[in-house]
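Asker: Provided herewith is a single structure, encoded as structure tokens, for subsequent inquiry.
The values are calculated or read from the model by the stated rules, or taken from the named source; none is laboratory data. Just so we're clear, the structure is a prediction, and the values are computed from it rather than from any experiment. Don't worry about glycine lacking a Cβ; one is built from the backbone with ideal geometry, like all the others, and counts go over all protein chains shown.
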Protein chains: 2
Amino acid sequence: MSRPIRVGAVNYLNARPLIEDLESLAPEIQLSLEVPSKLADQLAVAEIDVGLIPVIEYFRAGSYSVVPEVAIASRGAVLSVTLFSRKPWPRITSVALDEGSRTSATLARILLHKRYGVRPEYVSLPLNQPAEEVSTDAVLLIGDRAMHACLPGFTYAYDLGQEWQDWTSLPFVYAFWAVRQGVDLNGVEDAFRQAKDRGLEHVGAIAQRESARLGLDAGFCRRYLNHIIQYDLGPREQAGLHHFYALACELGLARRGVSIEYYRANALVESR
Amino acid sequence: MSRPIRVGAVNYLNARPLIEDLESLAPEIQLSLEVPSKLADQLAVAEIDVGLIPVIEYFRAGSYSVVPEVAIASRGAVLSVTLFSRKPWPRITSVALDEGSRTSATLARILLHKRYGVRPEYVSLPLNQPAEEVSTDAVLLIGDRAMHACLPGFTYAYDLGQEWQDWTSLPFVYAFWAVRQGVDLNGVEDAFRQAKDRGLEHVGAIAQRESARLGLDAGFCRRYLNHIIQYDLGPREQAGLHHFYALACELGLARRGVSIEYYRANALVESR
């Protein structure tokens, strides 16, 4: 088969260990990098075959399958999804949501409504607007942009991974590899797990290189990749994912009736 | 009473929220800053009355009491106590230990011996020697020095807070306020807890100011202080502390028969 398998990933630091060796492990793969929201659109219109998409997009599409054993998740604090707030949770009346965020924005809404019983007004924070300037009570920042942010003017800085874990005792899954319906990975599905294993062996070198690009401390980047981000998609991560989906449905933020289907080569062959 | 209460704290980033407002809350307090090991010596020879000492020094001294409700602890990854290693745990045969470390060095020994069944050779890493140059299999770095370190030449970077939590399901307590026997805090004991509460309200400003001094990213510093370091000394932290002490005794790294006594003003008055 000569057609390459088009794979899209986010250009965030936390995705680096998953893609570092991907193309060398599977030369059939053609890798491109995009912002999370655009990536989901590309998968939807078949511009790519596999995408490292925010999990909420999986539940909204309802037609993808998931590459097993690989995720971007956290067990506790995630450090890169932070709700900066001038007021404690129960008194928040307005929130600006990072334009780049979809899953984390849903998580913030779930925590506000379901955990703290508040229904604030939401506005969008454009990617190029400095968070310090917002007039809302709180502002949600995600990804590499969030990691830089200190925002001393905001008394509270809530880590949504920690909040989720404190509330549910479960890990939170932010993204995974989703495969478009009908795509045959033709055996390269194993490369995604292998790439994760190999990438994690080279986290020190990845951290040193990427920190320079991002203007972050190399030591911080290594700790973030080594100890904060979890790359497995085991039973507890799956439980966290199901619980998140159920809550998103309750708030009308995901379509109901979507199940998590794992990509299986055999299933495709049998259905031909 | 005119004599000031001499209080010594470490000059680490993680201690900042505990001391930020201490002297303004209790003008009777005279605060000085030192490296952790020197601080313990000062308390031992009565150069200070209260010290934010490594917990192992409490168990070695055996004559102090502990200020309630305040600690420097972690529940999971701590980010500032890292064993960089060229080999996985079970194959480590030599370890260089950060000269500034006492409690974390004991924790590393406990994990190596008790969790992984290895008894490596230990050498000391002087504070001014670059960790990259060590020829040992592994090197333990702690504190602000550890946070900068990326060390891509070391394949493994083990977070000892995470390792402890994975093994015991308990938090780990690194330091607390220890009071020298016979010292009367004369009512200012409450200031330590109040200072913690106030300091945590100003973590954003502390992170911004201290990051410049340390050459670390302000966003990282805020996340470290807000989400990684835990400042409470609750029942679970106390359980972690007792378990650590029992293991240190088994390895002959602490003297037996020391109990954790909390400072009580009444107890002092009664014993007069």
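Asker: Filter segment B:79-102 down to the residues that are under 30 Å from B:Gln181 (Cβ atoms) and in contact with an Asp or Glu (Cβ under 8 Å, 6 or more places away or on another chain), then identify the one that is surrounded by the most Cβ atoms within 10 Å (Cβ to Cβ).
Answerer: For segment B:79-102, the residue satisfying everything is B:Val81.
Asker: Taking B:Trp167, is it aromatic (Phe, Trp, Tyr), surrounded by fewer than 20 Cβ atoms within 10 Å (Cβ to Cβ) and in contact with a helix residue (DSSP H, G or I) (Cβ under 8 Å, 6 or more places away or on another chain)?
Answerer: yes
Asker: Let me ask something additional. Of the residues that sit in segment A:14-50 and are under 15 Å from the mean Cα position of the chain (by Cα), within 21 Å of A:Gln194 (Cβ to Cβ) and aliphatic (A, V, I, L, M), which one is surrounded by the fewest Cβ atoms within 10 Å (Cβ to Cβ)?
Answerer: A:Leu33
Asker: Identify the single condition in (1) modelled with pLDDT of 95 or more; (2) touching an Asp or Glu at 6+ places or on another chain (Cβ under 6 Å) that A:Ser124 does not satisfy, given that it satisfies every other one.
Answerer: (1)
Asker: With the checklist (1) farther than 18 Å from A:Val55 by Cα; (2) in contact (Cβ under 8 Å) with a residue 12 or more places away in the chain in hand, flag the one item A:Ala218 doesn't pass.
Answerer: (2) is the only condition that A:Ala218 fails.
Asker: Quick check on segment A:129-148. Is at least one of its residues facing chain B (nearest Cβ under 10 Å), modelled with pLDDT under 95 and either under 25 Å from A:Ile5 (Cα atoms) or touching a Gly at 6+ places or on another chain (Cβ under 7 Å) (or both)?
Answerer: Yes, segment A:129-148 has at least one match.
Asker: Filter segment A:133-166 for residues that are among the β-branched types (Val, Ile, Thr) and not in a strand (DSSP E or B) and give the result.
Answerer: A:Val134, A:Thr136, A:Thr155
Asker: Output the helices (runs of 4 or more DSSP H) that fall wholly within segment A:191-260 and possess 1 or more residues being away from chain B (no Cβ under 11 Å), surrounded by fewer than 17 Cβ atoms within 10 Å (Cβ to Cβ) and of a type in the set (A, V, I, L, M, F, W, C), or say none.
Answerer: A:235-250
Asker: Can you say whether B:Gly100 is part of a strand (DSSP E or B) and either at pLDDT below 95 or farther than 30 Å from A:Asn226 by Cα (or both), as far as the supplied structure shows?
Answerer: For B:Gly100, the condition - part of a strand (DSSP E or B) and either at pLDDT below 95 or farther than 30 Å from A:Asn226 by Cα (or both) - is not met.
Asker: Hey, can you tell me all the residues within segment A:103-132 that are over 15 Å from the mean Cα position of the chain (by Cα) and assigned to a helix (DSSP H, G or I)?
Answerer: A:Arg109, A:Ile110, A:Leu111, A:Leu112, A:His113, A:Lys114, A:Arg115, A:Ala131, A:Glu132
Asker: Considering only residues of segment B:1-13 that are over 18 Å from B:Ile72 (Cα atoms) and not small (Gly, Ala, Ser), which is surrounded by the most Cβ atoms within 10 Å (Cβ to Cβ)?
Answerer: Filtering first and then ranking leaves B:Ile5.
Asker: Does B:Ala205 satisfy being closer than 27 Å to A:Asp217 by Cα and of a type in the set (A, V, I, L, M)?
Answerer: yes
Asker: Just one of (1) free of Cβ contacts under 8 Å to residues at least 12 places away in the same chain; (2) more than 13 Å from every other protein chain (Cβ to nearest Cβ) trips up A:Asn186, so point out which.
Answerer: In the conditions (1) free of Cβ contacts under 8 Å to residues at least 12 places away in the same chain; (2) more than 13 Å from every other protein chain (Cβ to nearest Cβ), A:Asn186 misses (1) alone.
Asker: Then there's this: Run A:Ala178 past the list (1) free of Cβ contacts under 8 Å to residues at least 12 places away in the same chain; (2) in contact with a Ser or Thr (Cβ under 8 Å, 6 or more places away or on another chain) and report the number of the one that doesn't hold.
Answerer: (1)
Asker: Search segment B:72-112 for residues being touching a Leu at 6+ places or on another chain (Cβ under 6 Å) and more than 23 Å from B:Lys38 (Cβ to Cβ), and hand back the single one that is nearest to the other protein chains (Cβ to nearest Cβ).
Answerer: Top of the filtered list is B:Phe84.
Asker: Then there is this: Take the conditions closer than 30 Å to B:Pro171 by Cβ and outside the structural domain of A:Arg16 (by TED's automatic domain parsing) and apply them to A:Leu107. Does it pass?
Answerer: In short, yes.
Asker: Which count do you get for residues in segment B:170-187 that are out of contact with any Gly (no Cβ under 8 Å at 6 or more places or on another chain) and buried (at least 21 other Cβ atoms within 10 Å of the Cβ)?
Answerer: Final tally of qualifying residues: 5.
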